[in-house]
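First the structure, in the form of structure tokens, and then the observations on it.
Bear in mind these aren't lab numbers, they're just calculated from the coordinates by the rules spelled out. Model, not experiment: these values are computed from the prediction. With ideal geometry, Cβ positions are generated from the backbone for all residues, glycine too; neighbour counts draw on all protein chains shown.
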Amino acid sequence: MEPQRRQLNRIIGFIERLKTRCYPNAESYAAELHDGPLAASVRTIKRDIAYLRDVLDCPLEYDPEEHGYALVDEHWAFPIAPLCGAEVLPNVVVGGGIELALSPVLREAMYAPVSLVRPEAAEVQALLPLILATNGIADLQADTIEDILYAWKQRHVLRVDYTSPRRSAARRDIEIHALFAQEGIWYARVWCRLRNAARTLALHRVADAHRTQEAFLPREGLLTHLRTGNVLGLETVENVKVRCAADCAGFYAEREWFAGQYDRRLPDGGLEMLFPRVPRPVVVSWILYNAPELQVVEPEELRAEIMTKARAVANAHHAPQSTGRLARYPEHDTKSSP
């Protein structure tokens, strides 16, 4: 194993121990790795810890009572993007079992989306520390994630209690088809037998997972969104045409913003970009964020949506007395000011 890959895998393991509140230190971690493929000296582990703290900005501190390190911010997560760039993720963690589903417009986000869609190639004991280390949610339980991984790998039905954002907890049987990470949160793409439909479940909302012995056959359609880069299964819009002026055409032409992008230079030096299919919420956010440089040419219904949202944003930022909604809060109500 190459030195860079060895170091990254050691760091992933160290973060897993931080996340599970094991309070590792250089001596204990070196002893734990002794005689294994990631074995390293205490001095090397200290360099890894320094790299984690000084280069990756990991918020860790030494706890003298526990004689080990702990995370000051438990929501901190190791970004997946460096792993992809170093080719550590596909070759070391799951032996080539990961397919990347990178959405170009999100590449500058802190975490790169990664999809796990080949359970037969996965190594559960390697994926477990990866998920714990790269998870940005503090309340992720190692035992629950291990049950999820084994159910996915063996293609067995998993019985879970799941709490959705707007509903109370419900027990459901799920067939896990893929696991993926987006912006520091891990999800499962599943067939939910309770809803009799495909669903995307956040792993940190799964509790009391129990593996059953019932096997299931994969439903190929569930993986379509992952393979096209639309990892959250968002509503899409087709044949989107966007233009920008000549003074910013060079910037927008130097990268692919969405899959399948086709660029055409205009006579005045401007740029016209055509996207065959894009996630609607993402392209709307992208247009609004880069306004007024970008103009939607078609489809007309997307132009109308952009204008409606732009007016809503403008109205929300008018003077407080012109919006009844903000007047409920004393700090925004001019009448309640001294």
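Taken about its Cα centre, the stretch 170-216 carries a charge dipole of about 160 debye when Lys and Arg each add +1 at the Cβ and Asp and Glu each add -1 at the Cβ. The residues packed around Phe275, meaning those with a beta-carbon under 12 Å from its beta-carbon, carry a net charge of -2 if Lys and Arg are +1 and Asp and Glu are -1. About its Cα centre, the dipole of the stretch 203-319 is roughly 220 debye, where the only charges are +1 on Lys and Arg Cβ and -1 on Asp and Glu Cβ.
Each of the peptides 38-48, 209-219 was scored by the mean count of other Cβ atoms within 10 Å over its residues; in descending order, highest first, they stand as 38-48, 209-219. Taking Lys and Arg as +1 and Asp and Glu as -1, the other residues whose beta-carbon sits under 13 Å from that of Glu298 total -2.
From most to least packed by mean Cβ count within 10 Å, the peptides 259-268, 163-172 give 259-268, 163-172.
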